[in-house]
1. Restricted to the range 85-113, and to residues that are assigned to a helix (DSSP H, G or I) and within 23 Å of GLU55 (Cα to Cα), which residue is nearest to the ligand (Cβ to nearest atom)?
2. Answer with yes or no whether THR44 is surrounded by 18 or more Cβ atoms within 10 Å (Cβ to Cβ) and either of a type in the set (Lys, Arg) or touching a residue at least 40 places away in the same chain (Cβ under 8 Å) (or both).
3. Go through (1) closer than 16 Å to THR111 by Cα; (2) hydrophobic (A, V, I, L, M, F, W, C); (3) more than 8 Å from the ligand (Cβ to nearest atom) and name the single condition ALA165 misses.
4. Could you say whether any residue in the range 121-134 is of a type in the set (Gly, Ala, Ser), closer than 26 Å to ASP30 by Cβ and within 10 Å of the ligand (Cβ to nearest atom)?
5. Hey, could you check the range 157-171 for residues that are surrounded by fewer than 16 Cβ atoms within 10 Å (Cβ to Cβ) and outside any strand (DSSP E or B) and say which is farthest from the chain's Cα centre (by Cα)?
6. If I ask for residues that are farther than 11 Å from HIS7 by Cα and within 16 Å of the chain's Cα centre (by Cα), which ones from the range 172-184 would you list?
7. Looking for whichever is out of contact with any helix residue (DSSP H, G or I) (no Cβ under 9 Å at 6 or more places or on another chain), touching a residue at least 12 places away in the same chain (Cβ under 8 Å), surrounded by 14 or more Cβ atoms within 10 Å (Cβ to Cβ) and farther than 19 Å from ALA165 by Cα here; the options are ASP67, ASP37. Which one fits?
8. Scan the range 96-112 and report the pairs whose first residue is in contact (Cβ under 8 Å) with a residue 60 or more places away in the chain and whose second residue is within 6 Å of the ligand (Cβ to nearest atom) and in a loop (DSSP other than H, G, I, E, B), with Cβ atoms within less than 7 Å and a gap of 6+ or a chain change.
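Throughout, read-outs are computed from the coordinates displayed, never taken from laboratory work. For clarity, every value in this text was computed on a predicted model and none was experimentally measured. Here Cβ is always computed from backbone atoms with ideal geometry, including for glycine, and neighbour counts include all displayed protein chains.
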Amino acid sequence: MTTPRVHPDVERVLITEARIHRRIAALARDIGKHYGDAEVTVITVLNGSMVFLGELLHRLPMPTRLDSVVARSYGAGTKSSGRIRISRQWQLPLKGQHVLLVDDIFDTGLTLKRICDHMRREHPASLRLCVLLDKPTRRVVDLQPDFVGFTIPDQFVVGYGLDFAERYRNLPYIAVLKPQIYRA
Ligand code: XMP
């Protein structure tokens, strides 16, 4: 097999595909230990968590139900507007369920805080957060993810489902783009 070339818009690969896969396998084991045999309702935040969830879900050992929520705050830039809009809500009833909310990245935390606040109104038995990436230095809410893949510095990253203006989601690694791409 030939080594895939790094995308020409990428300045630096932060986390390789192999590291991501190894870490997700370990995360799935931790999550499995936490829940035991209990059924878990996995709610994934679209679109960014699609690739992460695909790799995580089939490794989870406990019974699951799957649903999704669509939330937006970024538009086409790299800064959160701070206004989180839930444009499509989950459909499964959450009352009395163990809910695992899965997202690509925990940045300011505003998106998951908004979704969690909505979910709690349905009185789930428990609510836990799982993210592939955590940028703790950017936090503005009093909420912490329960399961974290990687802690990263305050840099806007793309790949493995994360986008810049809807591009680069298909890169198999997490990377920082060249400054001129963000400026363009
Ligand atoms: P908050 O700030 O609400 O952000 O925790 C969560 C959502 O913002 C997006 N986000 C990023 N997307 N690279 C991206 O491609 C980043 O570095 C980044 N930081 C935040 C993402 O959609 C996430 O769900």
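1. Going residue by residue through the range 85-113, those that are assigned to a helix (DSSP H, G or I) are 110-113.
Narrowing the set further to residues that are within 23 Å of GLU55 (Cα to Cα) leaves 111-112.
On the way: THR111: 3, LEU112: 6 Å.
Looking at residues that are assigned to a helix (DSSP H, G or I) and within 23 Å of GLU55 (Cα to Cα), I get THR111.
2. Working: surrounded by 18 or more Cβ atoms within 10 Å (Cβ to Cβ): yes; either of a type in the set (Lys, Arg) or touching a residue at least 40 places away in the same chain (Cβ under 8 Å) (or both): yes.
Yes: the conditions hold for THR44.
3. (1)
4. Initial filter on the range 121-134 (of a type in the set (Gly, Ala, Ser)): 125-126.
Those still in the list that are closer than 26 Å to ASP30 by Cβ too: 125-126.
Adding the requirement that they be within 10 Å of the ligand (Cβ to nearest atom) leaves none.
For the range 121-134, residues of a type in the set (Gly, Ala, Ser), closer than 26 Å to ASP30 by Cβ and within 10 Å of the ligand (Cβ to nearest atom): absent.
5. ALA165
6. Matches in the range 172-184: ILE174 only.
7. Details: ASP37 fails: surrounded by 14 or more Cβ atoms within 10 Å (Cβ to Cβ).
Sole residue among the options that is out of contact with any helix residue (DSSP H, G or I) (no Cβ under 9 Å at 6 or more places or on another chain), touching a residue at least 12 places away in the same chain (Cβ under 8 Å), surrounded by 14 or more Cβ atoms within 10 Å (Cβ to Cβ) and farther than 19 Å from ALA165 by Cα: ASP67.
8. THR111/SER73
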